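Working notes, structure below.
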């Protein structure tokens, strides 16, 4: 069998898996604040859920003993980061890093979901 070089393989969408202690509460948060919709769930009780908004997709994974981390678990690009920041403030979402222009070409901020998962949100500058 001929091996195809990695340079010839095209990667598609990647969706972060986000651990949560209460999957329905996490779903409610992402639906209420960000307008995601649930497109799939699995298990009885539900232990896995896929949420989608536009091209963005997140996978919620039930992990009852989940503890928070200081690492960002996902990065999402949007077309109006300032508007989303205002929405987060109005919804009392915990902001970990305030909105700012970054030297790597994004205007970005970091928020934490109810389980403490840090999500980095950015918009390309220019």
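Figures for the structure shown
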item	result
Residue selected from region 85-118 under the condition touching a strand residue (DSSP E or B) at 6+ places or on another chain (Cβ under 6 Å) and within 25 Å of residue 40 (Cβ to Cβ), by the criterion surrounded by the fewest Cβ atoms within 10 Å (Cβ to Cβ)	112
Residue 30 vs. criteria touching a strand residue (DSSP E or B) at 6+ places or on another chain (Cβ under 8 Å) and within 13 Å of residue 110 (Cα to Cα)	no
Listing of strands (runs of 3 or more DSSP E) fully contained in region 1-111 that carry 3 or more residues being within 15 Å of residue 121 (Cβ to Cβ) and over 15 Å from the mean Cα position of the chain (by Cα)	94-101
Tally, over region 37-56, of residues that are surrounded by 14 or more Cβ atoms within 10 Å (Cβ to Cβ) and modelled with pLDDT of 95 or more	10
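The values are calculated or read from the model by the stated rules, or taken from the named source; none is laboratory data. Note that the structure is a prediction, hence the values are computed from the model and not measured. Positions of Cβ are backbone-derived with ideal geometry, glycine not excepted, and every protein chain shown enters the neighbour counts.
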